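Quick notes on the structure that follows.
The values are calculated or read from the model by the stated rules, or taken from the named source; none is laboratory data. The structure presented is a predicted model; accordingly, all values stated were derived computationally and were not measured. Reconstructed Cβ throughout: ideal geometry from the backbone, glycine too, with neighbour counts over all protein chains shown. SASA here: full protein model, heavy atoms, side chains in, ligands and nucleic acids out. Shrake-Rupley method; radii C 1.70, N 1.55, O 1.52, S 1.80 Å.
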Amino acid sequence: MRDLKVSPIRNGTVIDHIRNGLALEVLRILGVEGLGKDSTISVAVHVRSQRMGWKDIVKVENMELSPQKANAIALISPSATISIIQDYKVREKRPVDLPDRLVGLLRCPNPNCITNQGEPVESEFEVIRRKPLALKCLYCERDLEDFIPHLAPGASGTRGNGG
Amino acid sequence: MGFLGRDIISIGDLSRSEIDEVLRSARRLIPVAEGSRRSDVLRGQLLALGFFEPSTRTRLSFETAMLRLGGQVITIADPLSSSVAKGETLSDTVRMLSSYADALVIRHPNEGASRLAAQVSDKPVINAGDGAGQHPTQTLLDLATMQERFETLHGLKVVLMGDLRYGRTVHSLARALALFGTELVLASPPTLRMPESVRRELDQSGIRVTEESELGRAVRDADVLYVTRIQKERFGDLAEYARVSASYRLDPSLLGQVKPKFIVMHPLPRVAEIPPEVDSSPHAAYFRQAFLAVPVRMALLSLILTGKVPVPGRG
Ligand SMILES: Nc1ncnc2c1ncn2[C@@H]1O[C@H](COP(=O)(O)OP(=O)(O)OP(=O)(O)O)[C@@H](O)[C@H]1O
Ligand SMILES: [Mg+2]
Ligand SMILES: [Zn+2]
């Protein structure tokens, strides 16, 4: 608590240890539109960190992170941690944790994939390697190693897959 | 896992011993495929063929396989005249087909279409080619052709020639051959080399893989030459295409230096990769390969629809 870069929040979620430079991507995943009128988001970019040199932090008041959004954050920054703040105290703190299968989270980069043809089907990727992270489309079987450009718009899908 | 009711989407869905079972069964069914023996194990069974992309050869061999075993078929052969042309989704068409028939065969221009069909269908689905994706029954009949000639695939030296980059069926074949412990020689133009990811997998499997761009050297002590088509669309420059395709044409004189049991294979249709003079050579195996499509597909249909393969009777 000593090194808080922004004012403390009473209730909300802190996403810490975001890979340096990705705070804005995290904001995009959170989607500001969906926030209540009494929610403030504060962002700290390029913060000193013992563990990782430099990091970003995002704090959101009065918001709980859906499993699907947590998955999206895990995808772009596996180092991120999520803390639930209740009444100014850290109630729960956990690293993000990517499930083995990701449903509806990414668009397949293969334009000829059946998931990109207007069929009533959600994309589905399988983790084929964790370090460095690599995924494979369960439909067209193509590999994917670059995720940010392929995050599905509003990766806020309702179907969380654990996480 | 047994075969009854099973989807066959990718060759990777089958284990080595399951592939063996299909190949063994296919051999038993050759007399039925030739018409010298009869079988009606699939009497009363209906197969739906959803061909959303034209492919006469594959469609006819599935139809033949089903009819030779006493079953019946319904076919969407021309997507332009069907509801597909009116904008119906694949999912809806498949749902309909699966409510009519006992099993489905799907050919579609989009990768992953058969996987999607299998999810929507409550009847088993066989992938007969999904765009640049998988075509597992092609791999099975390729293996059947080699096995018929050499009994065991282990230790064979197989040259894969032509477009090794975009041809995904050649990737499936290479992976399957690795399961059987063959040696692979890759003969392709530099721009059409096997992708790194496939190459890595092959190397990890422990088989010997080498590259050889000079065809004469590649076939000299080989057992199989597997020729694939080099497609014009892969080249921006037509002169470059002409030059490359000319150097990846099988020169009949090369067959003078090969091993006695050596065979030339091709998934067909061929264009100019194999000149017609080769057809009468004892080394030409591509027409046999095309025929073996029937018993291989019979074996698969029988396994999926009844869980077993018939012992064909006389008559
Ligand atoms: N009331 C609060 N308002 C805003 N942020 C808070 C509040 N309490 C804690 N945090 C932030 O939540 C995260 C977790 O809090 P904690 O006190 O466990 O941090 P820490 O000791 O730095 O642990 P770590 O090893 O995870 O960095 C930190 O980023 C911290 O700055
Ligand atoms: Mg800290
Ligand atoms: Zn895909």
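General remarks:
- Mean separation of Cα contacts under 8 Å, 6 or more apart, over the residue count of the stretch B:136-289: relative contact order %: 24 percent
- Taking the C-alpha atoms only, the angle from helix A:67-76 to the longest principal axis of chain A is near 80 degrees.
- For chain B, the longest principal axis of the alpha carbon atoms and the long axis of helix B:136-150 meet at an angle near 60°.
- Shown for the stretch A:12-95: the carbon plus sulfur share of the solvent-accessible area, taken with all protein chains present and a 1.4 angstrom probe, equals 50%.
- Helix B:56-68 and the longest principal axis of the Cα set of chain B meet at an angle near 50°.
- Estimated from helical segments only, the mean residue ellipticity of the protein assembly as shown at 222 nm is -9000 deg cm²/dmol, where each DSSP H run of four or more residues counts as -39500 (n - 2.57).
- Taken over the alpha carbons of the stretch A:12-95 as equal point scatterers, the Debye sum produces base-10 log I(q)/I(0) values at 0.15, 0.18, 0.21, 0.24 Å⁻¹ of -0.48, -0.70, -0.97, -1.26.
- Once the chain from B:Thr75 to B:Arg208 is taken as fully extended at 0.36 nm per residue, the excess over their C-alpha distance is 43.6 nm.
- Inter-label distance for B:Asp40 and B:Glu233, nm, one decimal - labels placed 7 Å from Cα along Cα-to-Cβ: 4.4 nm
- Percent accessible area from carbon and sulfur atoms, chain B, protein chains only, probe 1.4 Å: 50 percent
- Whole-number accessible area per residue in Å² for the stretch B:136-289, which is evaluated in the context of all protein chains at 1.4 Å: 43 Å²
- Applying the criteria of a DSSP loop state and at most 14 other Cβ atoms within 10 Å to the trypsin sites (Lys or Arg not before Pro) of the stretch B:1-68 yields B:Arg38, B:Arg43.
- When only Cα pairs below 8 angstrom with a gap of at least 6 residues are kept, chain B shows a relative contact order of 23 percent.
- Rg/Rh ratio calculated on Cα atoms of chain B (Kirkwood radius): 0.97
- Phi angles across the stretch B:9-16 convert, under the Karplus curve 6.51 cos²θ - 1.76 cosθ + 1.60 with θ = phi - 60°, into 3J(HN,Hα) values of 9, 9, 4, x, 6, 10, 7, 4 Hz, Gly and Pro given as x.
- The length gained by stretching the chain between B:Ser253 and B:Val271 to full extension, at 0.36 nm per residue less their Cα-Cα distance, is 4.6 nm.
- Theoretical FRET efficiency, 1/(1+(r/R0)^6), r = Cβ-Cβ of A:Val90 and B:Gln119, R0 60 Å, to 0.05: 0.90
- Sites matching GluC sites (Glu not before Pro) across the stretch A:27-129 that sit in DSSP coil, with at most 14 neighbouring C-beta atoms within 10 Å: A:Glu64, A:Glu122
- Comparing each chain alone with all protein chains together (probe 1.4 Å, DNA, RNA and ligands left out), the residues of the stretch B:90-131 losing at least 40 Å² of accessible area are B:Asn110, B:Glu111, B:Arg115, B:Leu116.
- Interface between chains B and A: roughly 1200 Å² of accessible area buried, both sides summed (probe 1.4 Å, protein heavy atoms only).
- Percentage relative contact order, the stretch A:101-156, counting C-alpha pairs under 8 Å, at least six apart: 37 percent
- Which listed pairs, of B:Lys157/B:Lys259; A:Lys55/A:Lys131; A:Lys93/A:Lys136; B:Lys157/B:Lys261; A:Lys59/A:Lys93; A:Lys37/A:Lys69, have C-alpha distances above 23 Å, in listed order: A:Lys93/A:Lys136
- Listed residues A:Thr40, A:Thr81, A:Thr13, most fluctuating in chain A (Gaussian network, C-alpha, under 10 Å): A:Thr40
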